[in-house]
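For reference, the structure is listed below as structure tokens.
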Amino acid sequence: MLGLQDKHGKRDKFTLMMEILNNATEPIKKTHLLYKTGINFHQLDRYLNLLTSLELINTIAEPFNGYLITQKGRQFLGLFESNKTVPEGSVIESLIPK
């Protein structure tokens with residue numbers, strides 16, 4: 001199983017994806033996501049591209065340019081929020097950027 005943090009306190013990739021989705025339950029600007037997740041711009045861009053391609057998050061133009069979780073993203077969150085882990089070798093793990 002993938003954990004929430006390694007022994008150095010770093011969050012794993014799955015945890016970062018879940019944090020982005022949790023922060024996008026209401027419309028949010030990219031810069032606000034950047035500050036809330038505490039990752040750099042290039043990392044956030046990679047995760048947003050992945051989450052968008054998986055249709056877990058959408059770009060929005062109203063009320064401002066930003067992001068919003070989709071219904072599919074809410075279902076995804078619901079599946080994994082209870083145990084906060086994803087089994088090693090699962091399809092989900094293969095989608096997480098290295």
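The values are calculated or read from the model by the stated rules, or taken from the named source; none is laboratory data. The structure presented is a predicted model; accordingly, all values stated were derived computationally and were not measured. FYI the Cβ positions are ideal-geometry reconstructions off the backbone, even for glycines, and counts take in every protein chain you see.
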> Taking into account only those residues within the stretch 1-26 that are in contact with a Phe, Trp or Tyr (Cβ under 7 Å, 6 or more places away or on another chain) and modelled with pLDDT under 95, which is nearest to Glu81 (Cα to Cα)?
Replying inline: Met18
> So which of Thr31, Thr52, Thr59 is surrounded by fewer than 19 Cβ atoms within 10 Å (Cβ to Cβ), assigned to a strand (DSSP E or B) and of a type outside the set (A, V, I, L, M)?
Replying inline: Thr59
>> Checking the structure you have, find out if any residue of the stretch 82-91 is modelled with pLDDT under 95 and assigned to a helix (DSSP H, G or I).
In response: yes
>> Considering only residues that are in a loop (DSSP other than H, G, I, E, B) and exposed (fewer than 15 other Cβ atoms within 10 Å of the Cβ), which ones fall in the stretch 62-77?
In response: Glu62, Pro63, Phe64, Asn65
